[in-house]
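Trainee: Sharing a structure here in structure tokens format.
Just so it is clear, none of the values below were taken in a lab; they were calculated from the coordinates. This structure is a prediction, so every number in the text was calculated from the model and none was measured. Here the Cβ is made from the backbone with ideal geometry for all residues, glycine too, and neighbour counts use every protein chain on show.
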Amino acid sequence: MVKVTVNKAKCIGSGDCVETAPKVFAFDDKGKSEVIDAAGSDDRVIVSAARSCPVKAITVVDEAGQQLFPPPRP
Ligand code: SF4
């Protein structure tokens with residue numbers, strides 16, 4: 001299972017992640033996205049949700065601790 005975090009300070013509530021992976025992300029009472037179930041969707045779907053975020057507020061790290069998104073700097 002991947003580790004997913006939403007930086008709420010960055011999130012602008014666009015809803016892209018919620019639309020792409022509704023079992024993983026949901027809005028909190030302030031209209032910011034939060035992770036409700038990191039195992040709610042396939043890892044690839046979660047990465048694509050992170051990619052869809054217009055402000056890059058979502059970070060995805062795999063089991064081995066490698067960052068899948070945003071791509072780690074070389
Ligand atoms: S896609 Fe990004 S900005 Fe939009 S709700 Fe999700 S975390 Fe927030």
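Trainee: Consider region 10-25. How many of its residues are closer than 13 Å to I58 by Cβ and more than 10 Å from the ligand (Cβ to nearest atom)?
Mentor: 1
Trainee: In region 50-63, what count of residues is obtained for those that are more than 7 Å from the ligand (Cβ to nearest atom) and either closer than 15 Å to A38 by Cβ or in contact with a strand residue (DSSP E or B) (Cβ under 8 Å, 6 or more places away or on another chain) (or both)?
Mentor: Number of matching residues: 7.
Trainee: Inside region 37-55, can you point out the residues that are more than 10 Å from the chain's Cα centre (by Cα) and surrounded by 15 or more Cβ atoms within 10 Å (Cβ to Cβ)?
Mentor: Keep residues of region 37-55 that are more than 10 Å from the chain's Cα centre (by Cα), which gives 37, 39-44, 54-55.
Hits for region 37-55 are G40, S41, D43.
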